[in-house]
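Please read the structure below before turning to the comments.
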Amino acid sequence: MIHRLFMVTTVVWAVSLAAASVMAQQAAEGVGKIITAPAEVPKGTVEGTAKGAKKGAPVAGSVVGTAKGTGKAVRKTGHGTADVVEGTGKAVGGTLRGLSGKQD
């Protein structure tokens, strides 16, 4: 499942580089961040469990790791949302300026 998400993100990123403007690229990268953000939770859990196991407390490590992973996922989703809003706004604004004949 996660492998597919990374493949989709890579394809979106590659298409945005090849065919889209910088603004649309920023929006596509934001979508990639939003799509891959949930993967931070199990990643944090695994990393936390490994750290906890080294200290002799794998359950406590998994709880802490899950909390850290959730925090990373929330931040990544927020950053992705901001990228999508900003990139989409720039792309739409540029299109509207081009249609109206106004220049910056």
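Read the figures in this text as sums done on the coordinates, not as results from a lab. No experiment lies behind these values; they were computed from the predicted model shown.
One table, with the values for the structure above:
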read-out: Given Lys33/Lys54; Lys55/Lys76; Lys51/Lys76; Lys43/Lys68, the pairs whose alpha carbons are separated by over 19 Å; value: Lys33/Lys54; Lys55/Lys76; Lys51/Lys76
read-out: Normalised contact order of the range 22-68, rounded percent, pairs of Cα under 8 Å and 6 or more residues apart; value: 33
